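The values are calculated or read from the model by the stated rules, or taken from the named source; none is laboratory data. Small disclaimer: the values here were computed from a predicted structure and weren't measured. Reconstructed Cβ throughout: ideal geometry from the backbone, glycine too, with neighbour counts over all protein chains shown. Surface accessibility is based on the protein's heavy atoms, side chains included, excluding ligands, DNA and RNA. Shrake-Rupley method; radii C 1.70, N 1.55, O 1.52, S 1.80 Å.
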Amino acid sequence: MSQATATVEHVPTAARDQPPAGTVGPWAWLRANLLGSWWSTAVTLLLGYVIVRVLFSLIEWGLVNAIWTVPYSANGIADTSVCQNVKGVGACWAVLVDKYRLILFGRYPYDEQWRPAIVVLLFIGLFIVSGMRRFWRKELVLIWIATLAAVGVLMWGGVFGLSLVTEDYWGGLPITLILATFGLAFAFPLAVLVALGRRATKLPAVKMLCVLYVEIIRGVPLISVLFMASVMFPLFMPAGVNVDKLLRAQIAFILFAGAYLAEVVRGGLQALPKGQAEAADALGLSYWKKTAFIILPQALRLVIPPLVNTFIGFFKDTSLVLIIGLFELLTMGKVALSDPPWQSFSTEVYLGLAVIYIAFCFAMSKYSRSLERDLNRSRVR
Amino acid sequence: MSQATADPRLIAARVAPKRRIRLSWTDPVFRSIVWQIIIVGIVLVIGWYLVRNTSENLAARHIATGFGFLDRVAGIPIGESMIPYNPAVNTYGRALLIGVLNTLKVAVIGVVLATILGTLIGIGRLSKNWLLAKLTAFYVETLRDIPILLQLLFWYTILQGLPGPKQALHLGHVAFLSNRGMKLPLLDWQPAHSWALLAFALGFIGTVLWNRRARKQQDATGIRPAVWPVAFALLIGLPVIVWAALGAPFQIELPELRGFNFQGGGTLSPEYFALLLGLVIYTASYIAEIVRSGIQAIPQGQWEAAAALGLYPGQVLRRIVLPQALRVIIPPMTSQYLNLTKNSSLAVAIGFQDIVSIANTTLNQTGQAIEGIAVIMAVYLTISLSISLFMNWYNAHLALVER
């Protein structure tokens, strides 16, 4: 197919470069995307009507008729009668204005709440740094260790002139982030070992143990693992040893996350061409050298997008510790709602919480998708 | 074969050399055995340590062990149950059975509804209509990012905040939605209906057999006998005839407002309704993505080739695209079904009495935490295993037959 055989049209060049009339411009876009056929037109009209109706009532409820502040009585109790009057017609965002610090930071001492605030920022910074590809090397492990140590120091205090705050007073967003991030950080090495064990055909007993662990944990709901941590764990410990509730939930989370991450890592190990392992064997590398320098660096790079997706899942799953009575974000929302004046404004509080979760998860999933595109660029023709 | 025996080198390759294990670290077999003994040993020691601690703790707290409590009278009040239950008479065993049935009730209906909704939304995202595509994308992006527990609590408070039965929202005075849950008309069940159902089942088997015969005939002669008239007669005609022959009983019981609550009709309790709503809406957002990517995984050329052969769009979808897309769709769909089932355990947060909720009450009453959690885990492992076995079978059934 050489260019010479193409039909020559006797049209001025400038006009030939223009697309045919009727395929560009807003009207053409409308015709192609909204009014393509009578069926498409009907869908457009119906959806348009519903969307406009819903949007208008939402704006009316959430902005026009909304109440942002309420008066307080002399002893500091909110007078929510203004909100009660507009219930069903207007939103009462005053509940969030009144309670946002309780919801975000729990019962952490009020004057010290800058510490959990910095912790939240540290976590966000950690996520951003981990997301940048120029940081994907061994030093990243050090960054994680340093950040998690800083988180511990800030939350507990007791050193550097910070007052000591025990776990009983922690709550809100920091707990959610701690459970998810520490869960990932500790579950990951465990998951790598289990995934390797599951592929160790020469060690049938070890393989069996790994398969059992992964399949049992993945077969039961997270709640049952959390119940185990809250009611069974104290029985496991020798008399007199008392493990804190948050730590117990964290251990349950790590065990749970380990099984799921192990499957993700195993996917990466399986995707790696066999030749890599064989070449390493041919070079005479030992099992651990082969794994550490040849297999894992390539396999783990492959699993970063699914790893992010699994992390999003853990982030949402942290809300389940509500059931065993830990004060993470969602629990704090419920605690805020247990205050008598604000009891009937759960919709507003739940919407506020949903926005926080969506902000985190949406950013992460957007990142994971762009990453997947970038990493697949070599495979797309 | 005779050639192989002639060549001594090949014999050596085929018959593994009989080697004795040397008791040396340089021997791989010896090394692997030592490693396994060490690792299994560590696990066993930890396990033994935990068991010893537990039995000491149980003895110190005078907690009984074993499943003897299953035969004791439960005394747990249960709001909704599919089998007769009386807390004063029935045992823990029966209470737990009700929990299992309630879990299955949510899981089965939830899986069906989530598949339907998810498929519709997944196809909607591929629509050429810009508004529909964007709206369904918005649905997926937001609902996937909100924890299921938050969604359940949200729906539950919404349902509780509905007006009472007197001001119930209604659909043509037939179905009512109030803070007492959803009230639906119920068919007054007669033996004739059971017979009609049996006739339908027989008709279904007959249709499958007829379809198989038709396929055989098509393979043999190239002409496919019509299937749909037979299917129509067997699936609809036969049950209707049976039903009509038994007097065609048809009585619908409508829910009716009497005093402060509804009488008659079927009920979906607010707890069940909220749980179902939350699970279906949440899982549908994942299923939509699976369906979308499954359909998109089919190369455009398949559509074009089928169209070039003169197939109708419906035929292309049914005969060309779907059979291929299902292969991509089924494995992730299986894990979504499993997720929905496992997420149904969150019922405990809104007070629907599923297995977790009832087992939790049981372990609080008896103090037998280990047995209670063992029951929960055993039930979910059984359900998970059954679903994955069934889906694996279905997947193998659909899998591409390769050389």
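Which members of the stretch A:45-78 meet the condition of being among the aliphatic types (A, V, I, L, M), away from every other protein chain (no Cβ under 14 Å) and either touching a residue at least 24 places away in the same chain (Cβ under 8 Å) or closer than 18 Å to A:Gly90 by Cα (or both)? Give the steps one after another, and end with the answer.
Of the residues in the stretch A:45-78, the ones among the aliphatic types (A, V, I, L, M) are A:45-47, A:50-52, A:54-55, A:58-59, A:63-64, A:66-67, A:70, A:74, A:77-78.
Next, from what is left, pick out any that are away from every other protein chain (no Cβ under 14 Å): A:59, A:63-64, A:66-67, A:70, A:74, A:77-78.
Within the stretch A:45-78, A:Ile59, A:Leu63, A:Val64, A:Ala66, A:Ile67, A:Val70, A:Ile77, A:Ala78 meet the criteria.
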Some residue of the stretch A:153-170 being without any contact (Cβ under 8 Å) to a residue 40 or more places away in the chain and facing chain B (nearest Cβ under 10 Å): no
Restricting the stretch A:327-353 to residues that are open to solvent by 10 Å² or more (accessible area, probe 1.4 Å) and of a type in the set (A, V, I, L, M), the residue that is farthest from the other protein chains (Cβ to nearest Cβ): A:Val335
Test: A:Thr318 is touching a strand residue (DSSP E or B) at 6+ places or on another chain (Cβ under 7 Å) and either within 10 Å of chain B (Cβ to nearest Cβ) or open to solvent by 50 Å² or more (accessible area, probe 1.4 Å) (or both): yes
Selection count, the stretch A:217-234, where residues are without any contact (Cβ under 8 Å) to a residue 40 or more places away in the chain and within 7 Å of another protein chain (Cβ to nearest Cβ): 7
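Could you grab me the full set of residues in the stretch A:26-41 that are part of a helix (DSSP H, G or I) and either within 10 Å of chain B (Cβ to nearest Cβ) or touching a helix residue (DSSP H, G or I) at 6+ places or on another chain (Cβ under 8 Å) (or both)?
Step one: list which residues in the stretch A:26-41 are part of a helix (DSSP H, G or I), which gives A:26-33, A:38-41.
Within the stretch A:26-41, A:Trp29, A:Leu30, A:Ala32, A:Asn33, A:Trp39, A:Ser40, A:Thr41 qualify.
Take the residues of the stretch B:116-145 that are charged (D, E, K, R) and touching a residue at least 40 places away in the same chain (Cβ under 8 Å): which is farthest from the other protein chains (Cβ to nearest Cβ)? Working first, answer last.
First pass over the stretch B:116-145, keeping only residues charged (D, E, K, R): B:125, B:128, B:134, B:141, B:144-145.
Going one step further and asking which of them are touching a residue at least 40 places away in the same chain (Cβ under 8 Å), we end up with B:125, B:144.
On the way: B:Arg125: 14, B:Arg144: 7 Å.
By that ranking, first place goes to B:Arg125.
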Qualifying residue in the stretch A:135-154 (condition: in a loop (DSSP other than H, G, I, E, B) and surrounded by 19 or more Cβ atoms within 10 Å (Cβ to Cβ)): no
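So if I check each of B:Val240, B:Val230, B:Val208, which one is touching a residue at least 40 places away in the same chain (Cβ under 8 Å), among the hydrophobic types (A, V, I, L, M, F, W, C) and on the phi < 0 side of the Ramachandran plot?
B:Val240
Determine which member of the set B:Gly351, B:Gly266 is within 14 Å of another protein chain (Cβ to nearest Cβ) and under 23 Å from B:Ile158 (Cα atoms).
On the way: B:Gly266 fails: within 14 Å of another protein chain (Cβ to nearest Cβ).
So the residue among B:Gly351, B:Gly266 that is within 14 Å of another protein chain (Cβ to nearest Cβ) and under 23 Å from B:Ile158 (Cα atoms) is B:Gly351.
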Test: residue in the stretch A:247-257 that is touching a residue at least 24 places away in the same chain (Cβ under 8 Å) and not in a helix (DSSP H, G or I): no
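Considering only residues that are open to solvent by 30 Å² or more (accessible area, probe 1.4 Å) and either facing chain A (nearest Cβ under 8 Å) or touching a Lys or Arg at 6+ places or on another chain (Cβ under 7 Å) (or both), which ones fall in the stretch B:339-348? Can you show your working first?
Going residue by residue through the stretch B:339-348, those that are open to solvent by 30 Å² or more (accessible area, probe 1.4 Å) are B:339, B:343, B:348.
Passing the criteria: B:Asn343, B:Val348.
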Test: residue in the stretch A:84-104 that is under 30 Å from the mean Cα position of the chain (by Cα), within 14 Å of chain B (Cβ to nearest Cβ) and in a helix (DSSP H, G or I): yes
Residue, modelled with the lowest pLDDT, within the stretch A:361-381, restricted to residues that are open to solvent by 100 Å² or more (accessible area, probe 1.4 Å) and within 13 Å of A:Leu302 (Cβ to Cβ): A:Arg379
Selection from the stretch B:60-86 of residues that are of a type in the set (Gly, Ala, Ser), open to solvent by 70 Å² or more (accessible area, probe 1.4 Å) and more than 10 Å from every other protein chain (Cβ to nearest Cβ): B:Gly79
Answer from A:Ile295, A:Ile312, A:Ile324 - the residue that is in contact with a helix residue (DSSP H, G or I) (Cβ under 7 Å, 6 or more places away or on another chain), open to solvent by 10 Å² or more (accessible area, probe 1.4 Å) and at the interface with chain B (Cβ under 10 Å from one of its Cβ atoms): A:Ile312
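Go through the stretch B:162-280 and tell me which strands (runs of 3 or more DSSP E), entirely inside it, have 1 or more residues that are loosely packed, with under 12 Cβ neighbours inside 10 Å. Outline the logic, then answer.
Numbers: elements: B:169-171, B:175-178, B:181-184, B:256-258, B:261-263, B:266-268.
Per the criteria, B:169-171, B:256-258.
Identify, please: which residue in the stretch B:333-378 is in a helix (DSSP H, G or I) and among the charged types (D, E, K, R) and is, among those, modelled with the highest pLDDT? Break it down stepwise before answering.
Initially, the stretch B:333-378 is screened for residues in a helix (DSSP H, G or I), giving B:333-350, B:355-366, B:369-378.
From what is left, the residues that are among the charged types (D, E, K, R) are B:342, B:371.
Details: B:Lys342: 90, B:Glu371: 84.
Out of the qualifying residues, it is B:Lys342.
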Residues being facing chain B (nearest Cβ under 7 Å) and either open to solvent by 50 Å² or more (accessible area, probe 1.4 Å) or farther than 30 Å from B:Val29 by Cβ (or both) - total across the stretch A:185-215: 2
